[in-house]
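One structure, as C-alpha cells, below. Some questions next.
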Amino acid sequence: MSIKQSYELAKKEYEKWGINVDEALEKLKQVPISIHCWQGDDVSGFEVNKGELSGGIDVTGNYPGKARTPEELRSDLEKALTLIPGKHRVNLHAIYAETNGEVVERDKLEPKHFENWVNWAKENGLGLDFNPTLFSHEKSADGLTLSHPDQEIREFWINHCIASRKIAEYFGKELGSPTLTNIWIPDGYKDVPSDRLTPRVRLKESLDKIFEEEIDEQYNIDAVESKLFGIGSESYVVGSHEFYLGYALKNNKLCLLDTGHYHPTEMVSNKISAMLLYSDKLALHVSRPVRWDSDHVVTLDDELKEIALEIVRNDALEKVMIGLDFFDASINRVAAWTIGTRNMIKSLLNAMLVPNDHLKQLQEEGNFTERLALIEEFKTYPFGAIWDYYCEQMGVPVKETWLEDVKKYEKEVLSNR
C-alpha cells in the first residue's frame with residue numbers, strides 16, 4: 001500500500017470525529033520550531049579566548065564529527081534541516097559570534113559579528129533567535145553574574161545583555177521576523193544561603209538596567225528563563241520560577257519555561273494554561289531531563305505529547321514560542337537535531353488529531369468514563385500514516401529513511417574532521 005493510500009484510509013478514521021486532517025497539516029506547516037545551534041558543537045562557541053564549559057552545564061560524550069568552525073556548524077544545520085519538515089528558526093548564543101580572530105569581549109559584541117549568520121539565514125529562509133551567554137567566562141567563574149556582589153562584574157554582564165538585545169534587534173530588522181532574546185543566568189549557591197533576598201534584589205536591579213535600553217519590540221522580544229537548581233547551585237538559584245514569573249508579568253516580558261528546569265515531578269505542560277491566562281505569550285525550551293537538567297534529546301514521551309496538547313487544544317500555537325534545548329555528544333549530532341525536532345513536530349500533529357472539543361465537553365458533562373476511554377483509544381489511531389504523508393508532501397525522508405542521509409553525511413563530511 002502506498003503512503004498516499006495509507007493516508008486516505010487513516011484520514012477517514014479521523015474524519016469520523018470531525019477532524020479535518022488536511023487543515024491540520026496546513027496549520028502544522030505554519031509552526032516554526034527554534035532549533036538550537038549548540039547541539040552541533042557541544043556548546044563550545046567560537047570565541048578566540050574561549051575557556052571551559054561552565055555554569056552548571058555539562059556535555060558528555062565524544063562522538064566524532066563535532067563542528068569546529070561556523071561554516072561546519074552551518075553546514076550541519078543545513079543537513080538537519082533537509083530532514084525536518086517545515087520552515088523553522090535557528091537559535092544562537094552570543095558565543096557564536098565571528099570576530100575574524102580578534103578577541104572581542106562579550107560586552108563589546110556588535111551586529112557585525114553576526115553578519116554571516118544573518119546572510120546564511122536569509123539564504124535559507126530562516127528566522128534567528130538569540131541568547132546572551134552568561135556562562136563559560138572568567139567573570140562567571142564563581143557562579144554569579146547579574147546578581148554578583150561586585151558592581152563591576154554586574155555592569156559587565158548588564159552591558160553584555162544590552163549588546164545582545166541590540167544584536168537581536170538587528171536580526172529582526174534584517175530578517176523581517178522578530179527575534180526572541182532569552183536571558184538565562186547560572187547564579188546560585190551550592191549550599192544553603194544565609195541571605196536569599198539580597199542577590200534577588202541585585203538581579204532585579206540588573207534586569208531593570210538591561211531593559212531600560214529601548215529596543216523596538218517589532219524586531220526583538222525579551223524573555224527571562226528560570227531554573228530550579230544546577231551543578232554548583234544545588235541549594236539556591238537566584239532566578240527562580242517565582243522570581244522570573246513575577247518579573248515577567250510586572251514588566252511585560254515573556255517568561256520562558258525550560259522543561260528540564262523543574263522538579264522531576266513538576267510538569268511544564270501543567271503550567272501553560274495557567275500562565276496564558278495572565279500573559280499574551282510565553283516561550284518554551286523543550287528538553288528531556290533524566291533525573292536532573294541533563295538536556296537529553298527530545299523523545300516522543302508523554303510529557304512532550306501533553307505539552308503539545310496544551311498548546312493545540314487551547315488555541316495557543318501563535319501564543320507559545322517553541323524552542324529546543326538539548327545537547328548530546330554521545331551520538332551523531334545531526335541525528336540528534338533531527339530526532340528531537342521531528343519529535344516536537346510529531347507531538348503537535350498528534351495533538352491536532354485528537355477530538356479536543358469533544359473531550360472538553362465530556363469533561364464539562366462529568367462523563368469521565370467516556371473521556372478516559374477515548375483518550376486511550378486515540379493513542380493507537382493511525383497517526384503514523386498521517387505523519388508519513390506529511391513528510392512526503394514536505395519533501396523530507398519518510399520514516400527512518402532519513403538515517404541513510406545522516407550515515408552518508410557522516411561518512412563523507414563528519415568523519416573527515
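From E266, E306, E318, grab the single residue that is touching a helix residue (DSSP H, G or I) at 6+ places or on another chain (Cβ under 6 Å), without any contact (Cβ under 8 Å) to a residue 40 or more places away in the chain and either hydroxyl-bearing (S, T, Y) or surrounded by fewer than 21 Cβ atoms within 10 Å (Cβ to Cβ) (or both).
E306
One line per residue, one yes/no per condition, for (1) at pLDDT 95 or above; (2) of a type in the set (S, T, Y); (3) assigned by TED's automatic domain parsing to the domain that holds N159; (4) over 22 Å from G323 (Cα atoms):
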site	(1), (2), (3), (4)
I185	yes, no, yes, no
K190	no, no, yes, yes
T198	yes, yes, yes, yes
E213	no, no, yes, yes
K227	no, no, yes, no
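In addition: Across region 152-172, which residue is surrounded by the fewest Cβ atoms within 10 Å (Cβ to Cβ) among those that are touching a strand residue (DSSP E or B) at 6+ places or on another chain (Cβ under 9 Å) and among the basic types (K, R)?
K166
Under the condition of being out of contact with any helix residue (DSSP H, G or I) (no Cβ under 6 Å at 6 or more places or on another chain) and under 15 Å from A24 (Cα atoms), which residue from region 347-367 is surrounded by the most Cβ atoms within 10 Å (Cβ to Cβ)?
So, considering only residues that are out of contact with any helix residue (DSSP H, G or I) (no Cβ under 6 Å at 6 or more places or on another chain) and under 15 Å from A24 (Cα atoms), the one surrounded by the most Cβ atoms within 10 Å (Cβ to Cβ) is P355.
Could you grab me the full set of residues in region 68-80 that are in contact (Cβ under 8 Å) with a residue 40 or more places away in the chain and either over 27 Å from H261 (Cα atoms) or assigned by TED's automatic domain parsing to the domain that holds E410 (or both)?
R68, P70, E72, R74, S75, D76, E78, K79
With the requirement that a residue be assigned to a strand (DSSP E or B) and within 14 Å of Y96 (Cβ to Cβ), what does region 110-131 give you?
Those that are assigned to a strand (DSSP E or B) and within 14 Å of Y96 (Cβ to Cβ): L128, D129, F130, N131.
On to the next question. Can you tell me how many residues in region 157-178 are more than 20 Å from the chain's Cα centre (by Cα) and either outside any loop (DSSP other than H, G, I, E, B) or not assigned by TED's automatic domain parsing to the domain that holds H261 (or both)?
Residues meeting the conditions: 10.
When you go through Y7, Y96, Y14 one by one, which is the residue that is within 18 Å of the chain's Cα centre (by Cα) and touching a residue at least 24 places away in the same chain (Cβ under 8 Å)?
Y96
Collect the residues in region 136-156 that are in contact with an Asp or Glu (Cβ under 8 Å, 6 or more places away or on another chain) and not in a loop (DSSP other than H, G, I, E, B), keeping them in residue-number order.
Listed by number, the list holds a single entry, F156.
Would it be correct to say that T181 is part of a loop (DSSP other than H, G, I, E, B) and closer than 29 Å to P289 by Cα?
no
Please work out if W38 is on the phi < 0 side of the Ramachandran plot and outside any loop (DSSP other than H, G, I, E, B).
It is true that W38 is on the phi < 0 side of the Ramachandran plot and outside any loop (DSSP other than H, G, I, E, B).
State whether one or more residues within region 303-321 are among the small types (G, A, S) and more than 29 Å from G61 (Cα to Cα).
Yes, region 303-321 has at least one match.
The values are calculated or read from the model by the stated rules, or taken from the named source; none is laboratory data. Computed from a predicted structure; not experimentally measured. With ideal geometry, Cβ positions are generated from the backbone for all residues, glycine too; neighbour counts draw on all protein chains shown.
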